[in-house]
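The values are calculated or read from the model by the stated rules, or taken from the named source; none is laboratory data. Since this is a predicted model, take the numbers as computed values, not measurements. Virtual Cβ from ideal backbone geometry, glycine too; neighbours counted across all protein chains shown. For accessibility, only protein heavy atoms count, side chains too; no ligands or nucleic acids. Shrake-Rupley method; radii C 1.70, N 1.55, O 1.52, S 1.80 Å.
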Amino acid sequence: VVALGALSACGSGQVGQTDSGNSGTASKNLTLVPGVQNEPFYISMQCGAEAEARAAGYQLQTQAPQKFEATLQTPIVTALGANKPGGLLIAPTDDIAMAAPISQLKQMGVKIIEVDTALTDTTIAQSTITSNNDEGGRLAARTLAQLAGGKSGSVLVLDTKAGTSTTGARAKGFVEELAKTPNLKSIGIQFTDNEPEQAAAKVTAALSANKDLIGVFATNLNTGEGASTGLKNSGKTGKVNLVGFDASPSEVNGLRSGDFQALIAQDPATIGKQGVRQAIAAIEGKPVTRNLDAPLIAITKADMDSKAQYFYKNQC
Ligand code: T6T
């Protein structure tokens, strides 16, 4: 496990489906395929990747699916075969289903770097750069235990979809760590399909079934936003502790206003930057690091003003 450095500065590129940097030879072209379009976590990752590519004289193009879904990400990856980039930086939307299209590109000589999520088959990518998601879940459990301050109650965990390596590891780490706090009892992990509406509905149902609900852990941005709506609709904002993951502009506003009690922030710009570095190393035949962990940090309302550098961006 290698700790990474501070956030890289973002360039002035656009976000979405973009080209950035200098024009170069075919092998100097990189493509970033995030998990989903227009989402602050992946936008911040793109900003870090673009700045690093530009500095190294490489060109980085970004193509993202409209939803976090393997059926939408697969055709994007497959189409890259027509105009092979030197390296692919990808956040696989499914740890099994994305193996075949990614392997196909690899067989054509494209260097494969996983950023954020990963495939179950660890032989496909040359490098994986991600947060330590198990530890992120554990950090969320310890943060919730502190917020509960010795009170007893039950706790709901909201995951996204089965097959998402990151959120799955967060949920599992959280439940294991929570078991060390006897007054807090997990009522289980529920899937939301990464839809805020489903997350809101699961929170409302959990509140009806568990009068002692004391906390909710939402494993990413959409589940957090949905959970916050669910608590609001039931008049439970601030009464049930909501610990979210990520630090999007709307989550940060929610922390300030009291909709969230804590956020576990990742460092997506550093993930993007390191993804580019590893891709370039692979293309240029230099040593590549197989696994890199990016830093995580817990943020509460009390300390948020001193941690503004961890907030995600909506544009570079
Ligand atoms: O939490 C991030 C990312 O790490 C995860 O893999 C999917 O959800 C996010 O993009 C946030 O919505």
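Tabulated results
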read-out	value
Options Ile124, Ile76, Ile96, Ile113; residue that is surrounded by 15 or more Cβ atoms within 10 Å (Cβ to Cβ) and either within 16 Å of the ligand (Cβ to nearest atom) or without any contact (Cβ under 8 Å) to a residue 24 or more places away in the chain (or both)	Ile113
Any hit, segment 55-69, residues being part of a helix (DSSP H, G or I) and farther than 17 Å from Ile112 by Cα	yes
Scan of segment 167-190 for residues that are open to solvent by 10 Å² or more (accessible area, probe 1.4 Å), part of a helix (DSSP H, G or I), within 16 Å of the ligand (Cβ to nearest atom) and aliphatic (A, V, I, L, M), ordered by number	Ala169
Any strands (runs of 3 or more DSSP E) falling wholly within segment 191-289 and containing at least 2 residues that are surrounded by fewer than 24 Cβ atoms within 10 Å (Cβ to Cβ)	213-218
Gly149 more than 20 Å from Gly168 (Cα to Cα) and crowded, with 22+ Cβ neighbours inside 10 Å	no
Every residue from segment 81-92 that is open to solvent by 10 Å² or more (accessible area, probe 1.4 Å), among the hydrophobic types (A, V, I, L, M, F, W, C) and in contact with a Ser or Thr (Cβ under 9 Å, 6 or more places away or on another chain)	none
Flag for Ala118 being among the small types (Gly, Ala, Ser), without any contact (Cβ under 8 Å) to a residue 60 or more places away in the chain, buried (at least 22 other Cβ atoms within 10 Å of the Cβ) and within 18 Å of Ala70 (Cα to Cα)	yes
Residue satisfying all of: in segment 135-165; within 14 Å of Ile189 (Cβ to Cβ) and in a helix (DSSP H, G or I); farthest from the ligand (Cβ to nearest atom) among these	Ala141
Counted residues, segment 290-315 - those being assigned to a helix (DSSP H, G or I), in contact (Cβ under 8 Å) with a residue 24 or more places away in the chain and away from the ligand (no atom under 15 Å from the Cβ)	4
Any hit, segment 277-287, residues being over 21 Å from Gln37 (Cβ atoms) and within 15 Å of the ligand (Cβ to nearest atom)	no
